[in-house]
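The values are calculated or read from the model by the stated rules, or taken from the named source; none is laboratory data. Note that the coordinates shown come from a computational prediction; the quantities given were computed from them, not determined experimentally. With ideal geometry, Cβ positions are generated from the backbone for all residues, glycine too; neighbour counts draw on all protein chains shown.
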Amino acid sequence: MKLDNNDETTAGSHQEHRPNRYSPKSFYRRFRSYISSQRTNLWRLKGAWNEDHQLMLGYAGSEKNKEYLKEVIFDGNCQEENLGRVWNHRLRRAIGPDASLLISEYDADQNSMDSNHAGFMLPFWLGWIADISGDMKKMVKSARTLEYNLGKIRTNNLEYEIVDNDEAHALFYDSMYLPYIKRRFDSTAHFLTREEIQADRENCELMFIKQGQEYLSGMLIKYETEYSKNWDVGVKNAGPNIVKIEKYPRNWAVGVTDANPDYMKTGAVGALYYYLIVYLKEKGYDWVHFGGTRPFHSDGVLNYKKKWPLQNAGFTQQGFNLQVLSASAATIQFLTDFPFIYLESGCLNSAVFINPDQPLTPKKFKKVCKSYLINGIEKMVLYVFGDQAGAIEAAIPEAYKNRCIVRPANSLFTR
C-alpha cells in the first residue's frame with residue numbers, strides 16, 4: 001500500500017527517533033558492560049582435604065556456587081578470603097603461587113575461561129533419561145534397583161495415588177519437598193520456589209506414595225512442552241552417546257514427609273521412581289527424564305542414578321572450568337579422590353586420576369569402569385601420575401580399549 005504524504009512524514013519521524021546503537025550513550029553502556037564482564041569475584045579457599053593434606057584453591061564466580069563447592073570439597077569447613085573483583089587475565093596471579101587449583105565459571109559464550117591455560121569444562125548439571133518402552137517384567141529383571149524397589153513395595157504395602165488439589169500441593173511443598181531437600185543438601189540446596197511450581201502447575205501431576213491412608217512421599221511429574229533453553233547447546237553439540245529428545249515427562253521434584261528417615265527405609269523414595277515408570281507407561285510414554293545431577297562422581301544423587309539403566313540427555317550451557325596449577329601432594333591426592341565428568345569436543349568424558357602408589361590391578365580396573373564408564377559417557381580418560389602410563393595402557397582389557405584413553409598427568413600442571 002502506498003503511503004500518503006502524512007504517512008511518509010510520520011514514518012520518517014519514527015525513523016529519526018529510533019535508538020542509535022552507535023550513539024555515544026549506547027556505546028558507553030556497551031563498553032561498561034564489556035569491562036564489567038572482564039572482572040570476576042575471586043575467593044581464596046583453604047582447608048583440609050583429608051587428614052594428611054591441606055588444599056588451597058581459587059574460586060572465581062558467584063557466591064552461590066562458591067558455597068556449593070565449599071560443601072563438596074571441604075564439607076563446608078575451610079578458611080575463606082574474598083579478594084574482590086579481579087581482572088580475568090589476572091586470576092591466577094591474584095590467588096598466589098601456593099594454590100593447587102583455579103575453578104572459575106563459564107557460560108554459553110565462553111568455550112574456556114583462558115585459552116592459554118585451558119582446563120576441564122564441567123557442566124553445572126547433567127540430564128539423565130530412561131527408556132521405558134520395554135516390557136515391565138523384563139525391565140525389573142534387568143535392573144537391580146527396580147527389583148529392590150518392587151520388593152520394598154510388596155513388603156510394606158506401598159501404593160501410589162495421583163492427586164490434584166490445593167491442599168495436596170501445599171502438603172507436598174511444605175511437609176515433603178522443603179524438609180527433604182534441606183535435610184539432604186544442607187546449605188547447598190537449590191530448591192524450587194512455591195511461585196515457580198504454581199506457574200507450571202497446569203503442566204504437572206502430583207504423585208503420592210501411601211501406606212494405608214498415610215502419605216509417605218511425593219513427586220511432581222512435569223510434562224515438558226519443549227526442551228529447556230538452558231540445555232539447547234548441550235543437545236545440539238552432543239556426541240553420539242547423548243540421546244536427543246525434545247519433549248518428555250520428567251521427575252521435577254521429590255519429597256518425603258518431614259524428611260522422616262524411617263519412611264526412606266520403608267522404600268518411599270524408591271517407590272516413587274518405580275510407580276513413575278508404571279504410570280507413564282500406562283499413559284503411553286516411552287521415555288522419562290530422571291532429573292539432573294552434578295558432574296562429580298562423589299555426588300550422592302549421581303551415584304543413586306547410576307543404579308538405573310539411564311542414558312545422558314544433555315548438559316547445561318554453563319559450568320565450572322577447573323585448571324590444575326601445581327603438582328603438589330595435596331593436588332595429586334585431591335584429583336585421585338575426586339573423579340568427575342567433563343566436556344571435551346562435544347562429548348562427556350570421565351576423568352579418573354591414577355596414583356602410582358595405588359596400582360590399577362585388573363580387578364580394580366573393572367570396578368573403575370563400572371563406576372565411571374556409565375551410559376552417556378563417551379570415554380574414560382585415565383590421567384596417570386609418574387611414569388606408568390605406558391604400562392597401564394598396555395594392561396587395559398580388550399573389552400575396554402575403545403572407550404579408555406591413557407594420558408600422563410604431568411601434562412596438566414601449568415606451574
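Please specify each residue of region 291-323 satisfying the condition of being touching a strand residue (DSSP E or B) at 6+ places or on another chain (Cβ under 6 Å) and basic (K, R). The one that is touching a strand residue (DSSP E or B) at 6+ places or on another chain (Cβ under 6 Å) and basic (K, R): K305. Is it the case that N303 is surrounded by fewer than 19 Cβ atoms within 10 Å (Cβ to Cβ), of a type outside the set (K, R), at pLDDT below 85 and in contact with a Phe, Trp or Tyr (Cβ under 8 Å, 6 or more places away or on another chain)? Criteria not met by N303. Annotation note: Cβ proximity below 6 Å between a residue of region 116-127 that is surrounded by fewer than 22 Cβ atoms within 10 Å (Cβ to Cβ) and a residue that is modelled with pLDDT under 90 and polar (S, T, N, Q) (sequence gap 6+ or interchain) occurs for H117/T414; A118/S112; F124/T316; F124/Q318; W125/T316. The strands (runs of 3 or more DSSP E) falling completely within region 248-318 that include 2 or more residues that are in contact with a Lys or Arg (Cβ under 8 Å, 6 or more places away or on another chain) and farther than 25 Å from S371 by Cβ map to 249-256. Here is a list of conditions, (1) surrounded by fewer than 18 Cβ atoms within 10 Å (Cβ to Cβ); (2) within 13 Å of D258 (Cα to Cα); (3) touching a residue at least 60 places away in the same chain (Cβ under 8 Å), and D174 meets all of them except one; can you say which number that is? The number of the failed condition is (3).
In region 142-158, of all residues being hydrophobic (A, V, I, L, M, F, W, C) and not in a helix (DSSP H, G or I), the one that is farthest from the chain's Cα centre (by Cα) corresponds to L158.
If the condition is being under 26 Å from the mean Cα position of the chain (by Cα) and touching a residue at least 60 places away in the same chain (Cβ under 8 Å), then region 78-99 contributes R92, A99.
Looking only at region 357-405, filter to residues that are part of a helix (DSSP H, G or I) and of a type in the set (K, R); which one of those is modelled with the highest pLDDT? Step by step, filter region 357-405, then rank; the result is R403. In region 60-82, the count of residues that are of a type in the set (S, T, N, Q), within 16 Å of F338 (Cα to Cα) and surrounded by 15 or more Cβ atoms within 10 Å (Cβ to Cβ) is zero. For region 390-401, the criterion of being crowded, with 18+ Cβ neighbours inside 10 Å, under 25 Å from A60 (Cα atoms) and among the hydrophobic types (A, V, I, L, M, F, W, C) is met by none of the residues.
Within region 76-115, the set of residues being hydroxyl-bearing (S, T, Y), at pLDDT 90 or above and assigned to a strand (DSSP E or B) comprises just one member, S104.
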